[in-house]
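Pasting a structure here, questions to come.
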Amino acid sequence: MIPFEYRRAATAHDAVATVSARPDAAYLGGGTNLVDHMKLGVTGPRLLVDVSRLPLAEVEETADGGLRIGAAVRNSDLAAHPLVRTRYPALSRALLAGASGQLRNLATTAGNLLQRTRCPYFQDVTTPCNKREPGSGCSAIGGYVRYHAILGASEQCVATHPSDMAVAMTMLDARVVVQDVDGTKRIPIADFYRLPGDRPDLDTVLSHGQLITGVELPAPPTGARSTYRKVRDRASYAFALVSVAAELVLESGEIASARIALGGVAHKPWRAEQAEAALEGAKASEEMFVRAVRAELAHARPLDGNEFKVELAQRTLVATLRTLTEGTRR
């Protein structure tokens, strides 16, 4: 048994002040990731500040037609929300593809965003892991790498980000609303996550004590079609080998705009900027889809043991684009 203190925060300001003052403190939301890692000995905060009961569990429409999602909104509730299902179907489908029903009923929006980027070696404290103990080495390199990165990895870490929801939110250009001792900040999700580089122990740009209070989504473009596709080893409770969140706006058979993010391929949700640039302004066709995907994956660097993920990512993205353009291509 590892002893720790527990406090329930009365306000977001109280929570931020408490955690900021204690380097050994951590926020507790749904606890589906943090508590597991405490049990495994991966992490050991001496103070848990419970923020799950703060008034941050609302989903509200914004004046410009977007959506404001509270940090404490449960994943199941967010997936089922009428505005999410109708305006952001890719987000709803991504949430439903994650974990199990029991975990979705407990997991929160902020907690989902803050899942540790990890692999089996990170959770096995008997093995070296640079994410867990910087400088100790990466056991995955030369080991079991079926689920590991093909883009943006480094010699320090080849783990992939586990969240489905974060992939959809990356595609949707979400902004993460953060509170700290100096006030409120809004961080574009494209800038929120980090690639491993030489600091794989840092998953996000948040500093100690900063608290996520919500997420803001812009209004979807007129005529947008979006979806989420996940490929995994079993039908539920499995991380993605490859996933795709995509949104297209079509005008007279041409792709007026494209937003794409990939999951299961990098240390963070991967915004497919090369594919987007190739698609925008082009005719929607199978040939064009393949060309765009190849441009995105041209710099993929698979490991010995997960080479199949390059082909799998290509096929998954092409299939997703095909689905979004059915009935519009000639």
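Give the angle, between 0 and 90 degrees and rounded to the nearest 10, that separates the Cα long axis of helix 308-324 from the longest principal axis of the Cα atoms of the chain.
Value to nearest ten degrees: 70.
Next question. Rounded, prolate or oblate: which fits segment 208-323 when a ≥ b ≥ c are the square roots of the eigenvalues of the alpha-carbon gyration tensor, with rounded for a/c under 1.5 and prolate only if a/b beats b/c?
oblate
Scan segment 17-65 for trypsin sites (Lys or Arg not before Pro) in coil per DSSP, keeping those whose Cβ has at most 16 other Cβ atoms within 10 Å, and list them by number.
Answer by residue number: Arg46, Arg53.
Once both labels are modelled 7 Å past Cα along the beta-carbon direction, what's the Asn105-Ser252 spacing in nm?
Distance between label points: 5.3 nm.
So, taking all protein chains as they sit and a 1.4 Å probe, how much accessible area belongs to Leu103, in Å² rounded to tens?
Approximately 50 Å² for this residue.
What does the helix-only formula give at 222 nm for the chain: each DSSP H stretch with n ≥ 4 adding -39500 (n - 2.57), the total divided by the residues, and the result rounded to the nearest 500 deg cm²/dmol?
Dividing the helical sum by the residues of the chain leaves -7500 deg cm²/dmol.
Could you order peptides 169-176, 129-136 by the average number of other Cβ atoms within 10 Å of their residues, highest first?
Sorting 169-176, 129-136 by mean packing, highest first, produces 169-176, 129-136.
Below 30 Å, Cα to Cα, which lysines can Lys230 reach? Residues fewer than 8 away in the same chain don't count.
Those lysines meeting the cut-off are Lys39, Lys131, Lys268, Lys283, Lys309.
Once you mark the GluC sites (Glu not before Pro) that are in a DSSP loop and have at most 13 other Cβ atoms within 10 Å, what is the longest gap between them in the chain?
Maximal segment without exposed cleavage sites: 156-306.
May I ask you to derive the FRET efficiency for Asp233 and Val125 from their Cβ-Cβ distance with R0 = 30 Å, giving the value to the nearest 0.05?
That pair, Asp233 with Val125, gives E of 0.75.
Using the Cα centre of segment 224-327 as the reference point, and only Cβ charges (+1 on K/R, -1 on D/E), how large is the resulting charge dipole? Debye, rounded to the nearest 20.
With Lys and Arg at +1 and Asp and Glu at -1, about 380 debye.
Now a separate question. Looking at segment 174-247, which chymotrypsin sites (Phe, Trp or Tyr not before Pro) are in a loop (DSSP not H, G, I, E or B) and have at most 14 other Cβ atoms within 10 Å?
Here the chymotrypsin sites (Phe, Trp or Tyr not before Pro) that fit, given the DSSP loop and packing criteria, are Tyr237.
Turning to a different aspect of this structure: Tell me which label goes with the value of Rg and Dmax of the Cα atoms in Å computed from the coordinates here: (1) 22.7, 80; (2) 18.4, 52; (3) 19.7, 65.
Working out Rg and Dmax of the Cα atoms in Å from the coordinates points to (3).
Right, something else. Relative contact order for segment 224-327: what is it in percent, counting Cα pairs under 8 Å that are at least 6 residues apart?
This gives 25 percent for segment 224-327.
Relative contact order for the chain using alpha-carbon pairs under 8 Å, separation at least 6, rounded to a whole percent?
Reported as a whole number, the value is 17 percent.
Please give the Cα centre distance for segment 269-290 versus segment 109-144, rounded to the nearest Å.
32 Å
The values are calculated or read from the model by the stated rules, or taken from the named source; none is laboratory data. Here the structure is a predicted model, which means the values were calculated and not measured. For neighbour counting, all protein chains shown are included, and Cβ atoms are generated from backbone atoms with ideal geometry for every residue, glycine included. These accessible areas exclude ligands, DNA and RNA; they are computed on the full protein's heavy atoms, side chains included. Shrake-Rupley method; radii C 1.70, N 1.55, O 1.52, S 1.80 Å.
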